[in-house]
Amino acid sequence: MDDISKLILPVYSGTDYYEGRSFIVAPYLVTAAHVVIDLPLPYVLLENEKYELKSENAISVLYNHSLNEDCAIFKLPQTYQSPFQLADIIPQRQEILTCYCIKQQNRCISASTAKIFHTEEKAFMCYMDPMLCGGDSGSPILNAKNEIVGMLVAGDNKSICAFQSATFIKNIINNYLEQHII
């Protein structure tokens with residue numbers, strides 16, 4: 001996918017240190033809620049401008065580990081183009097996916113291969129190769145059609161990672177739109 005580095009953004013804290021990742025699905029910015037929920041001043045850089053991830057910019061911030069909910073969605077201040085689309089289906093067991101992350105040192109994109117071994121309505125779990133590391137939460141995972149099927153929310157520091165499903169993210173956006181139609 002061309003220019004993926006412009007669509008996967010680091011989430012910074014007030015100390016200008018990467019705390020996690022986010023991605024653009026225009027006109028929204030999506031990340032894991034645990035990335036932003038406890039930070040004093042979370043923000044991303046949009047075209048070199050600081051965009052603060054404040055509660056008034058959020059359409060939803062859900063974090064409930066026991067319910068498999070870890071998602072924060074923010075309305076962007078202007079229309080951004082994004083080739084990313086959220087998939088309409090939950091990926092299936094044994095499906096091979098690709099998770100994209102930004103490496104902090106040189107802001108290059110790295111890709112990890114994922115093989116699904118467990119799926120639920122809101123989340124799924126994969127074996128990863130190579131393993132993702134702390135600070136990669138909020139990174140998108142794509143299927144062979146380059147659709148986002150989920151977002152990284154947890155890992156065991158070995159080879160297993162958990163993802164929030166794109167269908168869950170899409171439902172949050174659709175519910176927001178239904179409630180805010182003018």
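A few remarks follow.
- Residue tally, condition of a type in the set (D, E, K, R), modelled with pLDDT under 85 and surrounded by 15 or more Cβ atoms within 10 Å (Cβ to Cβ), over the stretch 1-41: 1
- Candidates are the residues of the stretch 143-164 that are touching a helix residue (DSSP H, G or I) at 6+ places or on another chain (Cβ under 9 Å) and small (G, A, S); the one that is surrounded by the most Cβ atoms within 10 Å (Cβ to Cβ) is G150.
- Applying the condition of being charged (D, E, K, R) and either in contact with a helix residue (DSSP H, G or I) (Cβ under 9 Å, 6 or more places away or on another chain) or surrounded by fewer than 19 Cβ atoms within 10 Å (Cβ to Cβ) (or both) to the stretch 107-140 and asking which residue is modelled with the lowest pLDDT yields R107.
- Subset of the stretch 42-94 (residues that are β-branched (V, I, T) and either touching a Lys or Arg at 6+ places or on another chain (Cβ under 7 Å) or surrounded by 11 or more Cβ atoms within 10 Å (Cβ to Cβ) (or both)): V44, I59, V61, I73, I89, I90
- Test: residue in the stretch 52-66 that is at pLDDT below 90 and touching a helix residue (DSSP H, G or I) at 6+ places or on another chain (Cβ under 8 Å): no
- Selection status of L86, modelled with pLDDT of 90 or more, of a type in the set (A, V, I, L, M) and under 13 Å from T31 (Cα atoms): no
- Pairs where the first residue, in the stretch 52-75, is touching a residue at least 60 places away in the same chain (Cβ under 8 Å) and the second is aromatic (F, W, Y) and part of a strand (DSSP E or B), C-beta under 6 Å, 6+ apart: D70/Y63; I73/Y28
- Which numbered condition V153 fails, given (1) in contact with a Phe, Trp or Tyr (Cβ under 7 Å, 6 or more places away or on another chain); (2) at pLDDT below 90: (2)
The values are calculated or read from the model by the stated rules, or taken from the named source; none is laboratory data. These numbers come from a predicted model, not from an experiment. Every residue, glycine as well, gets a Cβ built from its backbone with ideal geometry; the counts of neighbours run over all protein chains shown.
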